[in-house]
Amino acid sequence: MRPAPVLALTGAAVLSMSLLSACGGEKDAEGAAGAAAIGVTATDDACEVAKKELPAGKTTFKVANKGSKVNEFEVLKPDGKILAERENIGPGTSVDFVVSLAAGTYKVLCSAGQTGKGPTQDITVSGQAAGGGDQRLTKAAADYKAFVIANVDDTITKTKQFVAAVNENDVAKAKELYAPSRVGWETIEPVAEKFGDLDPKIDAREADLSAEEKAGWTGWHLLEKALWKDGSVKGEQKFGEQLLKDLDVLKSRLPGLTLDPVNDMAGGAKELLDEVATGKVTGEEEAFSHTDLVDFKANVDGAKKIYELLKPVVQEKDAALAGDLDENFAAVEKLLAEHEKGDGYVSYETVGKADRKKLGDAVNALGEPLSKLAGAVSK
Amino acid sequence: MSQAGPEERESGPAAAGPAAAGAAGVSRRRMLGFSGASLLVGAAAGAGLDHVASAAEKREPAGAAVAFHGPHQAGIATPVQDRLHFAAFDVITDDRAKLVRMLKEWTAAAAAMTAGRPVGQGAVGGPAVAPPDDTGEAEGLPPSRLTLTIGFGATLFEKDGKDRFGLKARRPPALVDLPHFPGDRLDPDRGGGDIAVQACADDPQVAVHAVRNLARIGFGVVAVRWSQLGFGKTSSTTPDAQTPRNLFGFKDGTENIAGTEAGPLGAHVWAAGGDGSDWMAGGSYLVARRIRMHIETWDRTSLREQQDVFGRDKGEGAPAGGAKERDKVVLARLKPDAHVRLAHPDSNGGARILRRGYSFTDGSDGLGRLEAGLFFIAFQRDPRTGFIKIQQSLATDALNEYIQHVGSGVYACPPGVRQGGHWGDTLFT
């Protein structure tokens, strides 16, 4: 039984929700690309979908949590894997959740208390989605997944070489191999960051850790500090082996990963530029080795790859944006080329304030249109 | 295979409450009413009907909108707002068409923001998977008399010997590089710039929001070179208002040109077609100076010396020998090196400027002193007969012991934007 105060609260919230939907009806319709939203009523022990036969294409679920616990809404593919999910739907609140559905049978699941378990309902989707973009996006997502796997393989190969040098306590060679070992990782960083347990083990920066976390610090940057600050990796071998193990776990998880063109690709490209803007332009990422420009280039390359895979769709939906992106990717690459040295880049320490400002301006110039990629792709 | 493109749109109490949304809706409509009224006022002022404008200014509520369109840019003769965010930009492209396109986008955004409306589709009105057009921190706030005033620096016309935009021949003769004045210690990173935007509002959040959104729209075309926040006005362009005190505790600039004085505005503030630059007719020249005040040494100075330095009494602001702030200044009663005496029109062949400066405090300077002062802004018809002339007179100013000019900029502010026009359209023709 729910306690009375919760009931009262829920009642008030439902009332204000109806007020809201009365004001914002037109907007909601727009969000669902013209189609009416499918109502889902989630309670603590039920998951009622208003309509169970749906046409293929962009579908908006309007999920109202009328229970007492925080709820989570999931759409499960025929193979039982999660196609899309929305967490943290508070009691008495309502969330519009848009997902593209191809023909097939799906289950929707409401998980009161967000345990990942709960009552389900079957829905059947039939027909073909309107608009010709879907196949191209499906292919782009598949190609991107292959790109991610190739980059993780590359990072593992080069990290093995790096770790071998660490094991021999060959500081000079390890320093040389450090930055190249990170390139694959930095290229696909937002995907790697989806694995919240692995990312901090592999790529945590000392300055970002709490005192307790610091005791358990592992990964690339620990070795970076040992190499550049201490000038020795004696006794640090176990960290090299741990890094390789963690990267192997990352690799093992990739086959089961579903990457979608809007959030993971376009959103990922934006995140890559965010990484550059907040970590690389400032020189915070590689606090000891100052190899920030190598990471910078890898982030930009990763974003560019995503853009190129999505480009046919972007050109069709927003040609001006495509033009902006072409131009600004070229501008950033040109600017980076000015700092090339050998196979890599000059130490970021030698890049003066005026040049850093130029890099920062170029990153802003690219980051702004790149942030519009997701909107363009999902138009 | 299906591919997911999940996007989210939230409603319910977790997002915006209905009460807040309703209130915003009502105030929006009210704002439209205000801006409509202001538009008429602007037209009347432009026609020279001073008494109409003056009466209307008194009616204008603190949060209302100031008309964006008109013969002159707002933010010059407009009654001075409480807060400032001034930003100078470098143009980072050589593509003239891109620059003009951005100026058009800026104009649309400026017209919206000064009317109290958000940029583009707003902070929450767009698709959930895209970043909002407007950054959102001014949602629900009134227009707050926001004005956005644009100016073009000399480097827009020619930079390092390069005529990037084909504008070299259009550089107005009055847009001069300022000479070195004794005591100047100018930081190039706090001065100059190809384009400057002065954002003034009664709410600092509204002014900062405006500059932030313009900077965002401009990415790839312009980059912020430097910017300055001003927290308190130090000038009045309203004749019956008291002059606000500067950080030295004095009322300075009492003889300012009022926004309602058509005669002095025409003679000293607005550029005319015959002045040497047709596209500047109805415009004005902005001189900005970041003036660091040596607050601590000033505070150790005796009251008598402080009053002698300015030539006014500290309590009332009356000129030496007078009783009230607006009593006539008798130059002979002031010390020869008193600030008011040297800056007075009678000491400068009648030269007058419209002052619109703000006090600033950017924390402390690492030596335990306030990093504070006056961000001086003056509008004039020609800096050569305005600021430069007066500043040269101030070479012997007793105040110089307590101040230092550390940043500088001069910008040609084009005339106001007509309906359907855009910032700089008279220049980029």
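A short reminder: the numbers here are calculations on the coordinates, not readings from a lab. What you see is a predicted model, and the numbers here were worked out from it, not measured in a lab. Cβ: placed from backbone, ideal geometry, glycine included. Neighbour counts: every protein chain shown.
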*GNM on chain A, C-alpha springs below 10 Å: top fluctuator among A:145, A:304, A:334?*
A:334
*Per the helix-only calculation at 222 nm, which mean residue ellipticity applies to chain A, given -39500 (n - 2.57) for every DSSP H run of n ≥ 4 and division by its residues, nearest 500 deg cm²/dmol?*
-16500 deg cm²/dmol
*Take peptide B:211-221, look around each residue's Cβ out to 10 angstrom, count Cβ atoms belonging to other protein chains, and average those counts.*
3
_Cβ-based net charge around residue A:195, under 12 Å, with every Lys or Arg adding one and every Asp or Glu removing one_ = -2
*Can you pull a Stokes-Einstein diffusion coefficient for the protein assembly as shown at 20 °C (1.002 mPa s), Rh from Kirkwood over Cα pairs, as a whole number of µm²/s?*
71
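Would you work out the charge dipole size for the stretch A:145-188 about its Cα centre, treating the Cβ of every Lys and Arg as +1 and the Cβ of every Asp and Glu as -1, and quote it to the nearest 20 debye? Don't skip to the answer; put the middle values down first.
Values: 6 positive and 6 negative charges, 16 e Å.
For the stretch A:145-188, the charge dipole is close to 80 debye.
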*Per residue of A:60-67, how many C-beta atoms from partner chains lie within 10 Å of its own C-beta, taken as a mean?*
1
*Quick one: which of A:297/A:357; B:314/B:335; A:280/A:341; A:270/A:341; A:194/A:280; A:270/A:311 span more than 22 angstrom between C-alpha atoms?*
A:270/A:341
*Based on DSSP H runs of at least 4 residues, each adding -39500 (n - 2.57), what is the mean residue ellipticity at 222 nm of chain B after dividing by all its residues, to the nearest 500 deg cm²/dmol?*
-7500 deg cm²/dmol
*What residue among B:376, B:219, B:89 has the largest mean-square fluctuation in a Gaussian network model of chain B, using Cα springs under 10 Å?*
B:219
*Assign unit charges at the C-beta atoms only (+1 for Lys and Arg, -1 for Asp and Glu), then state the dipole size of the stretch A:134-377 relative to its Cα centre in Debye, rounded to the nearest 20.*
280
*Along the charge dipole of the protein assembly as shown, Cβ charges K/R +1 and D/E -1, which of B:136, A:242, B:295 sits furthest on the positive end?*
B:295
*Return the aspartates and glutamates within reach of residue A:66: Cα separation strictly under 13 angstrom, same-chain partners fewer than 8 residues apart disregarded; answer none if there are no such residues.*
A:44, A:45, A:48
_Using only alpha-carbon positions, what ratio does the radius of gyration of chain B give when scaled by 2.2 N^0.38 Å?_
1.02
*Determine, for A:93, A:115, B:114, the number of other Cβ atoms within 10 Å of each Cβ, and report the residues in order from fewest to most.*
A:115, A:93, B:114
*Answer with one residue from B:263, A:254, A:336: the one whose Cα lies farthest towards the positive end of the charge dipole of the protein assembly as shown, charges on Cβ with Lys, Arg +1 and Asp, Glu -1.*
B:263
*asked:* Let me check I've understood the local charge: for residue B:425, count other residues with C-beta under 9 angstrom from its C-beta, Lys and Arg +1, Asp and Glu -1. What total comes out?
replied: +2
*Out-of-range pairs (alpha-carbon distance over 26 Å; input A:117/A:145; A:225/A:245; A:245/A:372; A:173/A:225; A:81/A:317; A:229/A:251)*: A:117/A:145; A:245/A:372; A:81/A:317; A:229/A:251
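May I ask you to list, by number, the DSSP H helices of chain A whose Cα span along the axis is at least 15 Å and whose average Kyte-Doolittle hydropathy reaches 1.6 or more?
Span-like helices, by this rule, are A:4-23.
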*asked:* Charges at C-beta only: +1 for Lys and Arg, -1 for Asp and Glu. How large is the resulting dipole of the protein assembly as shown about its Cα centre, in Debye rounded to 20?
replied: 1980
*When the Kirkwood radius is taken over all Cα pairs of the stretch A:134-377, what Stokes-Einstein diffusion coefficient follows at 37 °C and 0.692 mPa s, in µm²/s?*
178
*asked:* Can you compute the label reach from residue B:303? Point 7 Å from Cα along the Cβ direction, backbone N cut-off under 20 Å, restricted to the stretch B:239-282.
replied: B:245-252
_Along the charge dipole of the stretch A:134-377, pointing to its positive end and built from +1/-1 on Cβ of Lys, Arg, Asp and Glu, which listed residue (A:323, A:365, A:228) has its Cα farthest out?_
A:228
_Net charge within 14 Å of residue B:385 by Cβ-Cβ distance, Lys/Arg positive one each and Asp/Glu negative one each, not counting residue B:385 itself?_
+2
